[in-house]
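The values are calculated or read from the model by the stated rules, or taken from the named source; none is laboratory data. In this text, all values refer to a predicted model and were calculated from it rather than measured experimentally. Ideal geometry is used to build each Cβ from the backbone, glycine not excepted, and the neighbour counts take in all protein chains shown.
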Amino acid sequence: MSTFRWILPLLVVFASMDVAAVDAFSCATLDAHRDRVVTAETMLAGVPAIVRVPPHISKAPIVLWHGFGPPASEAALMDALPLDDVPAIKVYLGLPLFGKRAEAGGIEALKQRQASDVALKVFEPIVADAAKELPHVVAALRERGCIDAREKIGLFGFSAGGAAVLYALAERDVPIGAAVVVNASTGLNASVAAYEHATGKSYAWSDASRALAKRTDAPSRAAVSRRNACRPARHAASRPSRVGVPASRLPTTTLNPSARATALT
């Protein structure tokens, strides 16, 4: 298959002289007159992260998620996209069930999850839960002086990480100023369709997985948001506060519009 799929490689072991393991890393303690990039591995609200701080900061922080396939870790994504020419703090997050949070069986455990229920045991605990962690990560960044309370963060996601970005945009729990996704599924429906195509197996939908598909379907939630935005102002008071993704907040970069499978081969 020529299109990208969410294929899980062996976990990447990352080591670098430029990366310090600092659980209590704080942007507030950095030398304001430093002339080099500072990079630190840390935990943000229980989420493994690598924080990369440039010498000069004039833009809001950017939070980045890796995917199922290369780059498949926060370290590998930082290697691929250090973005040192962007004057913003970069925060590379590890997805749930990857890296430090991987299950004992590693990729085999993830394959078993997929065989059991690709929606509720792979997509939900990895993609949806990553998006749910974002507000806590942002709060931790504020506590550590890495983000101003009024700033809107930037988001980037590749593959499964891109699907997490789209879900985070739809949920609107965190102020987001810009978002970019690459090779991302638009939601559970697209992922299941691609999974079925890649494996030749049919997924058995349940009430719970259908509800998850509805919550994570970026196109339908964006359409709802556009319809609500066009309503007369007098209806604003009765409009739900979290209805979907505004058109202006849809992904700005997509390399291929087709869905990506979560087949673990």
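Within segment 89-109, the presence of a residue that is surrounded by fewer than 21 Cβ atoms within 10 Å (Cβ to Cβ), among the β-branched types (Val, Ile, Thr) and closer than 24 Å to Ala28 by Cα is excluded. One residue stands out in segment 135-161 among those that are small (Gly, Ala, Ser) and in a helix (DSSP H, G or I): the one that is nearest to the chain's Cα centre (by Cα), namely Gly161.
Of all residues in segment 194-202, none are more than 20 Å from Ala88 (Cα to Cα) and touching a Pro at 6+ places or on another chain (Cβ under 9 Å).
Among the residues that make up segment 80-89, is at least one of them without any contact (Cβ under 8 Å) to a residue 60 or more places away in the chain and closer than 21 Å to Ser185 by Cβ? Let's see the steps before the verdict.
Here is the first cut: in segment 80-89, the residues without any contact (Cβ under 8 Å) to a residue 60 or more places away in the chain are 80, 82-87.
This time we only want the ones that are closer than 21 Å to Ser185 by Cβ, so: 80.
Checked segment 80-89: at least one residue is without any contact (Cβ under 8 Å) to a residue 60 or more places away in the chain and closer than 21 Å to Ser185 by Cβ.
With respect to the conditions (1) among the polar types (S, T, N, Q); (2) crowded, with 17+ Cβ neighbours inside 10 Å; (3) at pLDDT 95 or above, Ser206 falls short on a single one, namely (2). Considering (1) within 17 Å of Gly46 (Cα to Cα); (2) of a type outside the set (A, V, I, L, M); (3) under 14 Å from the mean Cα position of the chain (by Cα); (4) assigned to a helix (DSSP H, G or I), the lone condition that Lys100 does not fulfil carries the number (3). Examine segment 52-72 for a residue that is of a type in the set (S, T, N, Q) and either outside any loop (DSSP other than H, G, I, E, B) or over 22 Å from Ala178 (Cα atoms) (or both), and state whether such a residue exists. Looking for residues that are of a type in the set (S, T, N, Q) and either outside any loop (DSSP other than H, G, I, E, B) or over 22 Å from Ala178 (Cα atoms) (or both), one finds none in segment 52-72, hence no.
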